[in-house]
Amino acid sequence: MIVRVVKMTFQSEKVDDFKQIFEKNKSHIRNFPGVSHLELLQDVHEPNIFFTYSHWEQLQDLENYRNSDLFQKVWSETKPLFAKKAEAWSTDRAQHLP
């Protein structure tokens, strides 16, 4: 399983725009082949910073998403709202403590 974390810092006045984009697309992203989990997290001290946290069955599933029309559409709407360049990490889960 691949755990993907993406940090996005938005222009403060664009936060609501991003929330609308996410709301409109979250079920499509969550139901993309290979996705088993999707969360949107918001920083408690800097409310213009968000993280997506997602689980992918394998790296190829993530790559398929990143090359999909869905990703291109969502990213083209989201990217202009950034205050800083997004950061992303693709990780293997080293340990899980239930």
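The values are calculated or read from the model by the stated rules, or taken from the named source; none is laboratory data. As the structure is a prediction and not an experimental result, all values here were calculated from the model. Glycine also receives a Cβ, built like all others from the backbone with ideal geometry; neighbour counts cover every protein chain displayed. Side chains included, ligands, DNA and RNA excluded: accessible areas come from the protein's heavy atoms. Shrake-Rupley method; radii C 1.70, N 1.55, O 1.52, S 1.80 Å.
May I ask you to verify whether Tyr53 is buried (at least 16 other Cβ atoms within 10 Å of the Cβ), out of contact with any Ser or Thr (no Cβ under 7 Å at 6 or more places or on another chain) and not polar (S, T, N, Q)? It is false that Tyr53 is buried (at least 16 other Cβ atoms within 10 Å of the Cβ), out of contact with any Ser or Thr (no Cβ under 7 Å at 6 or more places or on another chain) and not polar (S, T, N, Q). Filtering the stretch 1-21 to residues that are at pLDDT 95 or above, over 9 Å from the mean Cα position of the chain (by Cα) and not charged (D, E, K, R) leaves Ile2, Val3, Thr9, Phe10, Gln11, Ser12, Val15, Phe18, Gln20, Ile21.
Take the residues in the stretch 84-93 that are outside any strand (DSSP E or B) and either on the phi > 0 side of the Ramachandran plot or modelled with pLDDT of 90 or more (or both); name whichever of them is least open to solvent (accessible area, probe 1.4 Å). Out of the qualifying residues, it is Ala86.
In this entry, Ser76 is excluded by the filter for residues that are out of contact with any Lys or Arg (no Cβ under 9 Å at 6 or more places or on another chain), open to solvent by less than 30 Å² (accessible area, probe 1.4 Å) and of a type in the set (Gly, Ala, Ser).
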